[in-house]
Amino acid sequence: MRLRTRKALLNFAFFGGALCFILYVNVIQSRHVDKRRFAWTRVRYSTTAVNLPAAYGVCPGLASSAKPALVVSRVAADGNAEWTDRLSELYHLCVYTVDGSREERVTHLQVPANRGHEAMAYLTFLIDNFDDIPAAGTVFVHGSRWAWHNDSPEYDNAALLAALNVSAALAPSGYHNLRCDWSASTCAPDYGPPQGSLETSVNARLQPWAARAVSDAALSHALSALFGGKLSRKDLDARVLLGRRDAVRAQCCAQFVVSRERVWQHSRDEYVALRQWLLDGSKERRDGDRTPNKDAAPADDRIAGRILSYIWHIIFLPIDVSTGQDASNDLDLDRLNALACPRADECYCRLYGRCDLQGCDEPGTCRGQYILPPDFSLSDDWAATHS
Ligand SMILES: *[C@@H]1O[C@H](CO)[C@@H](O)[C@H](O)[C@H]1NC(C)=O
């Protein structure tokens, strides 16, 4: 009898223990899945390059300027940069030509390589002018005045930048994308499968030519390589890789405004690391290297550039908004997603003074403010007919 009691007790203890273990595992998992916290707070990528690029991107007069900086990333095909000259009353101009001829090198600032689209100019500005970032903020834009993604009925960036209220744009969180409409972004819930999902990786394999599917699928590894670096999962407070259900919401098209405080929440070395991630992954570097760096950016510039366009807000939105009670240095993805995609009507009013708009029934659009042109392009004579 005593033996049977002991057996029963033992069984009870065993099942009790198993139950506790299962509950514990579930709680741990749900904590990770529900709160979705990520260690994307520091750029921890370490370069394999022996020499770092020299500073050819120091913007003259920036240190003594009271205006916000306008960092322009232009290619020769953008034509003359006159349209930006006319903005010089409002902004301190820092114009980078990423594929400049020898003549242009005299008048425009330079980047180490034409790589990662606008990202190379943006990062070169941040690195070479780190101590002189204006207190009034910095606006980052492309070099073409007319582009399908500029959020005005006429697609005119000159008009948008003239109307932009920089201090109002920076007031809520120190970072704002220049687009308010959600089309072509990953903000809308119906954007597609989450970047970390199985469906995304299958799509990328089935359609290797589709830049969107491939860059969506490459995002998780890039986030891990950039923000995890060589640290193991044990060393980090939170995850770096995307889970199957994790979607990174981001505005489109990599034109935005940032405060000095938000720029300085990272060190200059972190921006150097981010630029090296791009440079180390370039085709020239990969071809010349006997052991190419697997953690560097994808060689295809469309993919590398697109990945960075998903990441700017992760770099610049306040790191400390979501640290929570446990004060661990990580980011809450749901909070990040909400900050990355403000409502279109609030955005138009705050940034461009277009307030009390009609037809803003959905969070991502206000009727008549922006229309996505067919095939994401403007007609060839657009500039001639709208100047
Ligand atoms: C910019 O927005 C601020 C409010 O944040 C306002 O006080 C200021 O008048 C605006 N500037 C212009 C030029 O509209």
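Every read-out reported here was derived from the displayed coordinates using simple, explicitly stated rules and does not represent laboratory data. Keep in mind that what you see is a predicted model, and the values were worked out from it rather than measured. All Cβ positions, even for glycine, are placed from backbone atoms using ideal geometry, and neighbour counts span all protein chains on display.
A simple spin-label model places the labels of Asn51 and Arg367 6.1 nm from each other, with each point 7 Å out along Cα-to-Cβ. Here Lys234 is the anchor, and the aspartates and glutamates within straight C-alpha reach of less than 17 Å, apart from those fewer than 8 places off in the same chain, are Asp330.
Counting only aspartates and glutamates at least 8 places from Lys294 when in the same chain, those with an alpha carbon closer than 14 Å to its own are Asp280.
Dipole magnitude for the chain: about 2440 debye, using +1 per Lys or Arg Cβ and -1 per Asp or Glu Cβ, origin at the Cα centre. Couplings 3J(HN,Hα) for the stretch 168-184, derived from phi with the Karplus relation 6.51 cos²θ - 1.76 cosθ + 1.60 (θ = phi - 60°), are 5, 4, 8, 4, x, 9, x, 8, 8, 6, 7, 8, 10, 5, 8, 5, 6 Hz, where x marks Gly and Pro.
Dipole magnitude for the stretch 192-248: about 120 debye, using +1 per Lys or Arg Cβ and -1 per Asp or Glu Cβ, origin at the Cα centre.
Taking the 0 to 90 degree range and rounding to the nearest ten, how far is the long axis of helix 118-128 tilted relative to the main principal axis of the chain, both from C-alpha atoms? It works out to around 90 degrees. Comparing Ala222, Ala39, Ala159 in a Gaussian network model of the chain, where Cα atoms under 10 Å apart are tied by springs, the biggest mean-square fluctuation is seen for Ala159.
Centroid-to-centroid, using Cα positions, the stretch 295-319 and the stretch 351-372 are 28 Å apart. With helices as the sole contributors, the chain gives -11000 deg cm²/dmol at 222 nm; each DSSP H run of n ≥ 4 counts as -39500 (n - 2.57), and the sum is divided by every residue.
Estimated at 0.36 nm per residue, the fully extended path between Val202 and Thr107 surpasses their Cα-Cα distance by 29.5 nm.
Just checking the listed ones, Leu19, Leu219, Leu236: in the Gaussian network model of the chain with Cα springs under 10 Å, the one fluctuating most is Leu19.
Between the residues Ser224, Ala168, Ser152, the greatest Cα displacement towards the positive end of the dipole of the stretch 113-233, with unit charges on the Cβ of Lys, Arg, Asp and Glu, is found for Ser224.
For Leu378, the residues whose amide H sits under 5 Å from its own are Trp148, ignoring neighbours fewer than 5 places away on the same chain, with H placed 1.01 Å from N.
Residues whose amide H lies under 5 Å from that of Val95, counting only those 5 or more places away or on a different chain, are Val72, Leu109; hydrogens are built 1.01 Å from N in the peptide plane. Once the other residues with Cβ under 12 Å from the Cβ of Ser197 are scored (Lys, Arg +1; Asp, Glu -1), what is the net sum? Summing Lys and Arg as +1 and Asp and Glu as -1 gives -1. Residues whose amide H comes within less than 5 Å of that of Tyr45, counting only those at least five positions distant or on another chain, are Gly229 (H built at 1.01 Å from N in the peptide plane). Here the gap between Ala76 and Ala13, fully extended at 0.36 nm per residue and compared with their Cα-Cα distance, gives a gain of 15.2 nm. Comparing Ala296, Ala338, Ala13 in a Gaussian network model of the chain (Cα springs below 10 Å), the most mobile by mean-square fluctuation is Ala13.
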